[in-house]
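Below: one structure, written as structure tokens.
Here, each number is a calculation from the coordinates, and none is a lab measurement. Bear in mind that the values here come from a model prediction, so they are computed numbers and not experimental data. Neighbour counts are summed over all protein chains in view; Cβ atoms, including those assigned to glycine, are modelled from backbone coordinates with ideal geometry.
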Amino acid sequence: MIVRHFIKCKTCGHSHTLRIQVGHEPYQEHTFQCFECEEEIVVGMNCNPTTASVQIKEIQNCVFDSEEGTIINLSPEFPIPKEDLHRDHVFPSLHHVQAVSEMQRKLGVEAPKFSSFYEARAWALKQKGLNELWPIVKKGWSLTSKGKLDLAAETLKQYREGQYKEPHELRYVLFDFCCRILLPLKYHLFEDAAVHCQKITKNHISEFQRFRSFFKSRMATENLDRRAGLGKLDSDISGKAAL
Ligand SMILES: [Zn+2]
């Protein structure tokens, strides 16, 4: 879905028609340059999937306008081809969605089946984006590394509530979260690593156990902290990339 919103640049008064693709996150924010004076403009949008409605707010260097202006296409999830940046009546995400579906089909990823539109809609409303899942993972991770396991368990229970079949323990949740970041093209990295580990445990059992106890006693805590830092970095980067 694309919503249309009119704004005027506060610096030079140039009018813009924003065509904003509604993404999956409850809030999205976009930063772009004024078409005329090239000063930075920021708008935010709250999305309410239950009522299929949005509220757009002018955050920086712009005010609401009542007139059509230069078209600015914005998307929180997909890059927009240069030639489409200022074109009206285009749906730039369509090629990407088709490419993703095609790749899923090639990889044998099965789309969920629904018996009615309402069932599909109820399913879609329950889906959480990575930006919504990350705070749960981050808090569960932080509490686990501080040894507050009861609080960590309470937090991790909220991870994809009702949709997640594995134990709500940090290592399982982390595995699922990382897979979701890398789906569909890089999922094989996890599968290959799991197969590799299975082989090692069969063929080199004593060496593997030695490494396991070394890892647990000397490296596990530090690794957990370092990876939490990387997770934060990833999240910050992906948050900025989505702008
Ligand atoms: Zn301007």
Original post:
Can you pull the Rg over Rh of the chain, Cα-only, Kirkwood?
Top reply: 1.05
Original post:
Magnitude of the Cβ-charge dipole of the chain, K/R +1 and D/E -1, about the Cα centre, nearest 20 debye?
Top reply: 1400 debye
Original post:
Where the eigenvalues come from the Cα gyration tensor of segment 2-100, what are the semi-axes √(5λ) of the equivalent ellipsoid, largest first, in whole Å?
Top reply: 22, 17, 11
Original post:
Can you give the FRET efficiency for residue 186 and residue 66, using 1/(1 + (r/R0)^6), R0 = 35 Å, r = Cβ-Cβ distance, to the nearest 0.05?
Top reply: 0.15
Original post:
Picking from 30, 49, 89, whose Cα lies most toward the positive end of the charge dipole for segment 2-100 (charges on Cβ: Lys, Arg +1; Asp, Glu -1)?
Top reply: 49
Original post:
Can you list the cysteines of the chain that have no other Cys Cβ under 4.7 Å away?
Top reply: 47, 62, 178, 179, 197
**OP:** For a footprinting-style exposure proxy, rank 221, 144 by other Cβ within 10 Å, fewest first.
**Re:** 221, 144
